[in-house]
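A.B. asks: The structure under discussion is supplied below as structure tokens; questions concerning it will follow.
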């Protein structure tokens with residue numbers, strides 16, 4: 001009985017030893033000699049989105065200003081889920097409506113207020 005256990009242990013060690021050694025080698029940090037040669041990587045310049053044109057900004061504002069009073073009220077903003085989400089960022093004077101100037105400034109500069 002002890003012989004069978006000993007044989008199983010020897011087989012287990014002989015099978016597992018290379019696996020454990022390979023795993024240990026994979027986790028060890030690379031030495032400078034084993035490191036891959038340095039290759040210069042040329043990165044693409046970051047693409048920046050073009051700002052919307054004034055005409056586009058005014059056109060979309062007109063679509064959302066349903067009562068054509070020159071302001072987008074919270075009720076009108078419900079037509080657009082993203083507008084509801086960012087309403088507070090766009091309404092910089094916190095009067096509960098978005099004016100064309102606030103709308104234009106948001107899309108020309110697109111920087112939300114701190115804490116948003």
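Please treat every number below as a calculation from the coordinates, not as lab data. Keep in mind it's a predicted model, so treat the numbers as computed, not measured. No Cβ is skipped: glycine too gets one built from the backbone with ideal geometry, and neighbour counts run over all protein chains shown.
A.B. asks: Return the residues of the range 83-108 that are closer than 17 Å to residue 52 by Cα and out of contact with any helix residue (DSSP H, G or I) (no Cβ under 8 Å at 6 or more places or on another chain); say none if nothing qualifies. Lay out the reasoning, then the answer.
C.D. replies: Of the range 83-108, the ones closer than 17 Å to residue 52 by Cα are 83, 90, 100-108.
Matches in the range 83-108: 101, 105.
A.B. asks: Let me ask something additional. Could you count how many residues in the range 64-81 are surrounded by 12 or more Cβ atoms within 10 Å (Cβ to Cβ), out of contact with any helix residue (DSSP H, G or I) (no Cβ under 6 Å at 6 or more places or on another chain) and over 16 Å from residue 91 (Cα atoms)?
C.D. replies: So the count comes out to 1.
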